[in-house]
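**Q** Sharing a structure here in structure tokens format.
The values are calculated or read from the model by the stated rules, or taken from the named source; none is laboratory data. None of these values were measured; they are calculated from a predicted model. Using ideal geometry, Cβ is built from the backbone for each residue, glycine included, and neighbour counts are taken over all protein chains shown.
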Amino acid sequence: MSKVDVLLGLQWGDEGKGKVVDVLTPEYDVIARFQGGPNAGHTLEFNGIKHVLHIIPSGIFHEHKLNVIGNGVLIEPRIFRQEVEALKEKHVDATKNLYISKKAHLILPSHRMLDAANEKAKGNAKIGSTLKGIGPAYTDKIARSGLRVGDIMEFDFREKYELLKCQHIQTAHTLNFDLDTFRIDNMTLDEYEQLWLASLETLKEFRLINSEYFINRCLDEGKKVLAEGAQGSMLDIDFGSYPFVTSSSTITAGVCSGLGVAPSRIGRVMGISKAYCTRVGAGPFPTELFDETGRTLCELGHEYGATTGRSRRCGWIDIPALRYACMLNGVTDLFVTKPDVMNDFDEVKMCTAYEIDGRMTDEIPFEFNEVEIKPAYKSFPGWKQSLAGIDRYDALPRPLLDYLAALEKAVGVKVYAVSISPDRKDVLFR
Ligand code: GDP
Ligand code: IMO
Ligand code: MG
């Protein structure tokens, strides 16, 4: 009997999860997404090809490995169809090795409208959502009025769909949302709905399963399963920088509810962190840099959202946040990405504690959004050399090895591997 290994982001998302899952896939039989939806953008690069996945797990390019979209994930059929078609253009037929939970909830076009309406109503307090309908669709799931993938096979699906859509339109009216000017991909709600409904046919081409039985059976048979997280721990609905979070459980606990596996069946937990830190959208970010260094991280790190194209806010690595994430997730192995972005830096900084109202702390305060946080930094000499061509962990420059050693000491978890370029081949395991 085997256990589910987990790979998830420890920061505010975009840590490089897609790349690392793709690299780890040969060691596994099944790759399963357990939460999130098209708000995610997971980038993979190999053989000079760059590919961004949103709903489909990052093991899809390995044709002999199975991929599962678990019950905890949200599916937007039109975006899903576009993803399937983009894969087809790269000669990947996802119908062969992707199974979908019947219990995964659907994002309706009107969920996307509500996402926009909610953000507009919040004004300056808006979350900076990806506007893919995540919040409203999870709201309906919890309110027990959502529609699930399995429902599309039922005779009364269209009736249920219309009912839910009507409720959404009423809500939009109460928010004084201007439906006439609202567009999704330059289309009116009605135009988009036609494409959305047609896209349900693509979903029907896939094996729709009770994925909890499937995953547990795989484990019983000794197969190796990797759970792929989306977003990051600091965007978790319970423990993230609420309300500037996403609407799902992005931590290890989410694997249990999002795939239907018991806590005792969780194995290794691999947590990913960039060697620095980024965030897209609004909300607290204590180590954010507004200077030239911040702009350099953004430019050299190509820190532009894989889903929305927005530029990501950049700053130094934040140890209090990382330690918190490691605690919440039970991280057993640390994966560090993108140190290569800082190759030319004279110095690299690490935030080791927060100063709040003149007092030092290394805990994330409840009032994370309200208080002024002054990060206390420890400075490290830069390595001032290219990492290109380095093929062993031990061969990394001494100042970088020292930085990584300080990092693992600060968070109390061993660094298991380092990624030094966007390409699949550039991961150095220890
Ligand atoms: P994810 O959402 O966690 O999968 O991450 P994203 O794909 O949104 O963002 C990570 C970005 O960094 C992508 O553009 C990757 O191609 C790139 N990337 C991943 N690992 C590395 C690395 O080690 N070095 C560099 N320079 N880029 C990387
Ligand atoms: P991956 O999987 C980075 C952010 C949004 C916004 C907040 C809520 O690629 O790491 P939502 O659309 O969920 O209502 O947005 O969360 N966000 C992400 N930021 N990476 C992601 O996913 C994200 N998914 C959502 O920018 O601030
Ligand atoms: Mg991303």
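**Q** Report, by residue number, each residue of the range 1-21 that is within 16 Å of ligand 3 (Cβ to nearest atom) and in contact with a Gly (Cβ under 7 Å, 6 or more places away or on another chain).
**A** Leu7, Leu8, Gly9, Leu10, Gln11, Trp12, Gly13, Glu15, Lys17, Val21
**Q** Enumerate the strands (runs of 3 or more DSSP E) found wholly within the range 218-289, keeping only those where 1 or more residues are in contact with a Ser or Thr (Cβ under 9 Å, 6 or more places away or on another chain) and within 23 Å of Phe429 (Cβ to Cβ).
**A** Output list reads 225-228, 266-274.
**Q** Do we have Arg310 as surrounded by fewer than 16 Cβ atoms within 10 Å (Cβ to Cβ), closer than 30 Å to Glu83 by Cα and either modelled with pLDDT under 95 or near ligand 2 (Cβ under 9 Å from one of its atoms) (or both) here? Please lay out each step first, then the result.
**A** On the way: surrounded by fewer than 16 Cβ atoms within 10 Å (Cβ to Cβ): yes; closer than 30 Å to Glu83 by Cα: yes; either modelled with pLDDT under 95 or near ligand 2 (Cβ under 9 Å from one of its atoms) (or both): yes.
Yes: the conditions hold for Arg310.
**Q** Related question: Can you list residue pairs whose Cβ atoms sit under 9 Å apart, with the first residue in the range 41-55 being more than 10 Å from ligand 1 (Cβ to nearest atom) and the second being assigned to a strand (DSSP E or B) and basic (Lys, Arg)? Count only pairs 6 or more apart in sequence or on different chains.
**A** Within 9 Å, the pairs are Ile55/Arg33.
**Q** Also: Could you tell me which of the residues Val341, Val280, Val348, Val331 is crowded, with 20+ Cβ neighbours inside 10 Å and either modelled with pLDDT under 95 or within 16 Å of ligand 2 (Cβ to nearest atom) (or both)?
**A** On the way: Val341 fails: either modelled with pLDDT under 95 or within 16 Å of ligand 2 (Cβ to nearest atom) (or both); Val348 fails: either modelled with pLDDT under 95 or within 16 Å of ligand 2 (Cβ to nearest atom) (or both); Val331 fails: either modelled with pLDDT under 95 or within 16 Å of ligand 2 (Cβ to nearest atom) (or both).
Matching residue, one of Val341, Val280, Val348, Val331: Val280.
**Q** Find all pairs meeting these conditions: Cβ atoms under 8 angstrom apart; at least six residues apart or on different chains; first residue within the range 285-309 and under 27 Å from Ile356 (Cα atoms); second residue surrounded by fewer than 19 Cβ atoms within 10 Å (Cβ to Cβ) and of a type in the set (Asp, Glu).
**A** Gly294/Glu288
**Q** With respect to the numbered conditions (1) in contact with a Phe, Trp or Tyr (Cβ under 8 Å, 6 or more places away or on another chain); (2) crowded, with 24+ Cβ neighbours inside 10 Å; (3) farther than 19 Å from Thr307 by Cα, which one is the sole condition not fulfilled by Lys65?
**A** The failed condition is (2).
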